[in-house]
Amino acid sequence: MSEQLKGFIHTITEQYLNVFSIRILQKGHLLAHWDRDKDQRRVQHSISKSFTCMAVGLALEEGLIHLDATLGDYFSYDHAPVAQRNLPSPQELRLRDLLRMTSGHDSPPLWADERASLTEKDWAKYYMSLPLDRVPGEQFTYSSGDTFMISAMLQAATGQTVKDYLTPRLFDPLGIHDVEWETSPLGVTLGCAGLWISNEELSRFGQLLLQEGHWEGTQLVPADWIRQATSQQIETTGEGDWGKGYGYQFWMCSHDAYRADGAYGQLCIVIPSKEAVICINSEEENMQGILNAVWNEVLPLYTQR
């Protein structure tokens, strides 16, 4: 199955790109795959965010939350920060602001290093203790803390952790069982990171996205929600495929594609015009190099069909 991927394998080898696994699908069929060793469950880093986004869509459909819900609707702390320069309090942040990462922080809270060293165990309390630097809703700043707060809001709204909420609604129907997903010290599903699945399991998620939430005769996630989440909701200023815009916990990218994207080269790329899904697991900082190899060496495999 790796014969078709010779060009991709040659490129990543020549450029010393540490890719472990690739799966390419079209119309739900596996066209080709390659594993350096064996496909196994690995931490997906920020691809976790896109799974959390699915929980939002389901909770919206069930009427348990709405996009204009605020942090203050679910969390109340005595020591809220003093508003800066007539800016709103974090309590006024809306779910839609968090989804598109426009919360208004110059230095996003709850990065991995900060999470590892934070003495405050209530991470929602810590997040809401930090004043905003600008008006929410206007400017994109990538923030894992925003996604953690989405997870915390969902837990407050549904009465379940995001992992437990998604298990019967998404994971089990996709055949992804006994999922491990890291939590905060108080047991809140991390949401922004920490989900462990294999690349093959990730490819099922990609196929679900391509099919706009439809899976084996059942609509698992509302199609309209997936269309919203995977459409540009805010502009981004990054280089290359990081400058194509952001949806709700999904990146827009070249070739009218979109992707779930995790640190060190975890990628779930969906190309609707090709009815294509490309999933990659890696341990590699040069993620644009991997994406360039996809556009140059993998994308032509679809145009030949």
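Of interest is the spacing of the C-alpha centroids, which for region 34-52 and region 175-194 amounts to 14 Å. Sites listed here are GluC sites (Glu not before Pro) in region 149-210 whose DSSP assignment is loop and whose Cβ has at most 16 other Cβ atoms within 10 Å: Glu182. The fraction of accessible area contributed by carbon and sulfur in the chain is 45 percent, rounded to a whole number (1.4 Å probe; ligands and nucleic acids excluded).
Phi angles across region 148-155 convert, under the Karplus curve 6.51 cos²θ - 1.76 cosθ + 1.60 with θ = phi - 60°, into 3J(HN,Hα) values of 4, 5, 4, 4, 5, 4, 4, 5 Hz, Gly and Pro given as x. Compared with the direct C-alpha span, the chain from Asp113 to Asn296 gains 62.4 nm at full extension, assuming 0.36 nm per residue.
Could you sort the peptides 121-129, 150-158, 189-197 by per-residue average Cβ neighbour count (10 Å cutoff), highest mean leading?
Working: 121-129: 19.0, 150-158: 23.3, 189-197: 25.3.
Highest to lowest by the protection proxy: 189-197, 150-158, 121-129.
Close amide H pairs (under 5 Å, H built 1.01 Å from N) link Leu195 with Gln44, His45, Ser48, Glu182, residues at least 5 positions away or on another chain. Placing a pseudo-label 7 Å from each Cα along the Cα-to-Cβ vector at Asn86 and Glu216 gives an inter-label distance of 5.7 nm. In the chain, the longest principal axis of the Cα atoms and the axis of helix 47-61 are about 60 degrees apart. Under the convention that each Lys and Arg Cβ holds +1 and each Asp and Glu Cβ holds -1, the size of the dipole of the chain around its Cα centre is about 380 debye. Residue-wise HN-Hα couplings along region 280-297, as the Karplus relation 6.51 cos²θ - 1.76 cosθ + 1.60 with θ = phi - 60° gives them from phi, are 9, 10, 8, 9, 8, 6, 7, 6, 5, x, 5, 4, 4, 5, 5, 5, 7, 10 Hz; Gly and Pro carry x.
The Rg/Rh ratio for region 58-181, using Cα coordinates for both the radius of gyration and the Kirkwood hydrodynamic radius, is 0.99. Entry comment: accessible area of the chain is 42 Å² per residue, from protein heavy atoms only and a probe of 1.4 Å.
The values are calculated or read from the model by the stated rules, or taken from the named source; none is laboratory data. Worth saying up front: this structure is predicted, and the values here are computed from it rather than measured. Methodologically, a virtual Cβ is constructed for each residue, glycine included, from the backbone with ideal geometry; neighbour enumeration extends over all protein chains shown. Heavy atoms of the whole protein, side chains included, go into the accessibility calculation; ligands, DNA and RNA do not. Shrake-Rupley method; radii C 1.70, N 1.55, O 1.52, S 1.80 Å.
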